[in-house]
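These notes are about the structure you will find just below.
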Amino acid sequence: MMRIAALGVLAVWAAGAQTPANSFQFDFGSGTGAPGYAAKPPFYFSVAVPEEGNYRVTVTLGDRDAESVTTVKAELRRLMLEHVRVPAGKFETRSFIVNVRTPKIAGGGEVRLKDREKTSEAWAWDDKLTLEFTDSHPAVARIEIEKAGKMPTIYIAGDSTSTDQPLEPFNSWGQMLTGFFKPEIAIANHGESGESLRGFIGEHRLEKVMSVIQPGDYLFIQMGHNDQKERGEGVGAFTTYKADLKRFVKEAREHGATPVLITPMNRLNFAPGTGTIVNTLGDYPEAVRQEAKEENVALIDLNAMSKPFYEALAPVDAHKAFAGNDTTHHSDYGSYELAKCIVQGIKDAKLPLVEYLVDLPPFDPAHPDPVDKFDVPAEPLRTVYVIGDSPAQNADRRGWADPFAAYFDPAKMKAVNSARAWMQQPDVLYRRAVGPRARLFMD
C-alpha cells in the first residue's frame, strides 16, 4: 500500500499505481487544505486519480473551535452526505463511494460527448475525483481516498431528468439517489441531457456502459422524454422504442447484470381548472410497462408515482418541484422526492439492492416531504461579471452593463457590474475579486 500525504490530505492507492504530480489541491480558488479546514461554503477538493472506476472516500469532519454542519457532494453535484452535525472540538468520520469515468472505451473508441460535456459538465468526465463541501459551517480535517474493492454498481442510462445537472436550479433524481445508499455500492450516472434510447446507442454511451458493467451490477433505464420527439416511418412507442428497450435489456443480461426499467416521470401539466395531472408522454410510459412484463424485468413506475406527488403539491406549489419556470426538469427538492420514489420502487420490486439502502421509512408520493422543510444546500448561482471602464460602467452614463444584467433570469444567473471608469488592469480585479469559477465579460 502506498500512502501520499499533502496539505493535511491523505490518498491511498494500490501498490505500483502512479499518481500525477501535484495531485492534491483545492480547485477553483477555494484555498489550501489543513486539518480542520473550514471556509465560506461551498469549497472544493479535487484529486487526479490513476484510473476510472469506484473510489471509497473517507472524510473526517469537524472544527476545533465551532460546531460544524457539513453536506458533501461529489463530481457534478451528486449528494453523498447530508447535514453531518459535529460539536465543537469533536470529529466524525464518514465514508461514501464515488464513481469516476472517462469517455474512453476499452478496446478503442470513446463516447461522443456534447459540447457542454466538455465545458460546464466536464467534471463528470475528467480524470479527477472532485468533492464539494457545503452547508451552514462545513469543516473537514482529513480526506482519505482509495480504490474500492469489488462491489455492485448501479449504472443509469437516462436523459436530462436523471443526468448530473451542472447548474442550479436544475437537478435530477440521479444526483440525489447516491445519498440513499450505504458505502457498499456505487452509482455510475451515464444519463445525459437530450438523450433517447437511439441517441444513447449512436453516441456510444451504451457501448461505454457495456465495456465496464460486470456480473452482479444493475442497469437502470429511464428514457422517453426525447424518444417521444423522434419522427420517421415506423417510429413510435410500441415499435422502435420497445425494440431499443429490448436491446438494452438483452445487453445488460448478456453481461450478467440486472436491468431495471423505469417509466419517465410526468411533466408539470395540470388539466385546466383542476388539480389533476394530465399525461403528455403519449404511449411511452405504457410501452415501458409492457416491455417489463414481456421480458420479466423489474419495473419502477416513476410515471405513476410522480402523478400523486405533483397533485399533492397542487397547482399552487407544484412548480416548486421544478427548475424555475421549467415543466420537465426538476429542482433540488423535486429531484430529492423523485429519488425517494426510486428507492420505494426498489423496495416494492423486492430487488436485492434493498440491503444496500440506508434506513428510510416507506415513502408515499401522495404525502411528500413539505417543501418548506427541504434544506439540502444549493450551490451558489453562477455569476457573470462585467469588467470594463466608463463605456460599460452604468446606465446613467449610457454604459451598457446595467441594462445587460436585466436580460438574465435572476433565478438562474446573477450578473454583477464591476466596470469602473478608472479601470486599467481588469485582469487583476478578476483574479483577486472574482475568482476562476466566474464568467468574464471585458470591455
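Throughout, read-outs are computed from the coordinates displayed, never taken from laboratory work. Owing to the predicted nature of the structure, the values given are computational and were not obtained by experimental measurement. FYI the Cβ positions are ideal-geometry reconstructions off the backbone, even for glycines, and counts take in every protein chain you see.
If Lys and Arg each add +1 and Asp and Glu each add -1, what is the summed charge of the other residues whose beta carbon sits under 10 Å from the beta carbon of Lys114?
Residues near Lys114 contribute -3 overall.
Check Leu219: other-chain or 5+ apart residues with amide H under 5 Å from its amide H, H built from backbone geometry?
Tyr155, Thr258, Val260
Exceeding 25 Å between C-alpha atoms, which entries from my cross-link table qualify? They are Lys307/Lys350; Lys182/Lys242; Lys147/Lys182.
In this structure, Lys182/Lys242 lie more than 25 Å apart at Cα.
Peptides 306-314, 103-111, 186-194: what's the order by average Cβ count within 10 Å, highest mean first? Present the calculation step by step, with values, prior to reporting the outcome.
Working: 306-314: 19.8, 103-111: 13.3, 186-194: 22.8.
For the peptides 306-314, 103-111, 186-194, the packing ranking is 186-194, 306-314, 103-111.
Pull out a ≥ b ≥ c, the square roots of the eigenvalues of the alpha-carbon gyration tensor of the range 133-206, then state rounded if a/c is under 1.5, prolate if not and a/b is larger than b/c, and oblate in the remaining case.
Because a/c hits 1.5 or more and a/b fails to exceed b/c, the range 133-206 counts as oblate.
Based on alpha-carbon centroids, what's the gap between the range 217-275 and the range 297-314 in Å, whole number please?
15 Å
Find out how many positive minus negative residues lie around Val69, taking Lys and Arg as positive, Asp and Glu as negative, among other residues whose Cβ is under 11 Å from that of Val69.
Value of the local net charge: -4.
Starting from the Cα gyration tensor of the range 226-336, take the square roots of the eigenvalues, sort them a ≥ b ≥ c, and report rounded, prolate or oblate (rounded when a/c is under 1.5, otherwise prolate if a/b is larger than b/c, else oblate).
It is prolate, given that a/c is not under 1.5 and a/b is the larger ratio.
Taking the Cβ of Ile221 as the center, what net charge do the other residues with Cβ under 10 Å away carry, scoring Lys and Arg +1 and Asp and Glu -1?
In short, -2.
Ranked highest first by average number of other Cβ atoms within 10 Å, how do 279-289, 367-377, 234-244 line up?
Highest mean packing first, the order is 279-289, 234-244, 367-377.
For the range 150-379, what does the alpha-carbon gyration tensor say about shape, rounded, prolate or oblate, given a ≥ b ≥ c as the root eigenvalues, a/c under 1.5 as rounded, and a/b over b/c as prolate? Before the final figure, lay out the partial values.
Working: a/c = 1.62, a/b = 1.19, b/c = 1.37.
Judged from the Cα gyration tensor, the range 150-379 comes out oblate (a/c at least 1.5, b/c at or above a/b).
Just grab the label-to-label distance for Lys104 and Arg64, each label 7 Å out from Cα along the Cβ direction, in nm (one decimal).
Rounded to a tenth, the inter-label distance reads 4.3 nm.
Which order, highest average first, do 214-221, 49-56, 174-181 follow once you tally other Cβ atoms within 10 Å for each residue and take the mean per peptide?
Working: 214-221: 19.9, 49-56: 18.0, 174-181: 23.8.
Listed from highest to lowest mean packing, they are 174-181, 214-221, 49-56.
Modelled label-to-label distance, Asn296 and Thr93, 7 Å Cα→beta-carbon offset: nm?
Here the modelled spin labels are 4.5 nm apart.
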